[in-house]
1. Would you mind telling me which numbered condition in (1) touching a helix residue (DSSP H, G or I) at 6+ places or on another chain (Cβ under 7 Å); (2) outside any strand (DSSP E or B); (3) modelled with pLDDT of 95 or more A72 fails?
2. If you scan the range 21-32, which residues turn out to be modelled with pLDDT under 95 and assigned to a loop (DSSP other than H, G, I, E, B)?
3. Find the residue count for the range 54-68, including only residues that are crowded, with 16+ Cβ neighbours inside 10 Å, modelled with pLDDT of 95 or more and in a strand (DSSP E or B).
4. Test of understanding: among L23, L35, which residue is in contact (Cβ under 8 Å) with a residue 24 or more places away in the chain, in contact with an Asp or Glu (Cβ under 7 Å, 6 or more places away or on another chain) and at negative phi?
5. So which residues in the range 33-50 are not charged (D, E, K, R) and not in a loop (DSSP other than H, G, I, E, B), if there are any at all?
6. Only residues in the range 1-18 that are at pLDDT below 70 count as the first member; pair them with residues that are assigned to a loop (DSSP other than H, G, I, E, B), Cβ under 6 angstrom, at least 6 apart or cross-chain, and list the lot.
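The values are calculated or read from the model by the stated rules, or taken from the named source; none is laboratory data. As the structure is a prediction and not an experimental result, all values here were calculated from the model. Cβ placement follows ideal geometry from the backbone for every residue including glycine, while neighbour counts extend to all protein chains displayed.
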Amino acid sequence: MAKPNKKGPTRTVDIFCANCKALLYKYRKGGKGALVKCFKERIVTDHTQQACTCPQCQQVFARDTLVRGTPAFKMIGGKVFMK
């Protein structure tokens, strides 16, 4: 399968915890659909201390996985939102 574009999109979005509204990531997202996964190479700034866990409320919001052979976080539905 094809790997995601290395350069990636230029539009960045902020990803927040849906429970406590804490900033989790600044991410280069492509397309206009829902946030299903975050490729690790596209994360611009990471505000989490522990992977896939909110730094304020300690809620697990994603799962570490491989998507098309590339490391990514698969988001759990309803746990995060983006602006």
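1. Every condition holds for A72 apart from (2).
2. Within the range 21-32, the subset modelled with pLDDT under 95 is 28-32.
Selection gives K29, G30, G31, K32.
3. First, the residues of the range 54-68 that are crowded, with 16+ Cβ neighbours inside 10 Å: 54, 59, 61-62, 67.
Of the ones still in play, those that are also modelled with pLDDT of 95 or more are 54, 59, 61-62.
Still in the list and also in a strand (DSSP E or B): 62.
Result for the range 54-68: 1.
4. Working: L35 fails: in contact with an Asp or Glu (Cβ under 7 Å, 6 or more places away or on another chain).
Residue meeting the stated conditions: L23.
5. Going through the range 33-50, the residues not charged (D, E, K, R) turn out to be 33-36, 38-39, 43-45, 47-50.
If the condition is that a residue be not charged (D, E, K, R) and not in a loop (DSSP other than H, G, I, E, B), then C38, F39, I43, V44, T45 are the ones that fit.
6. So the pair list comes out as M1/R68.
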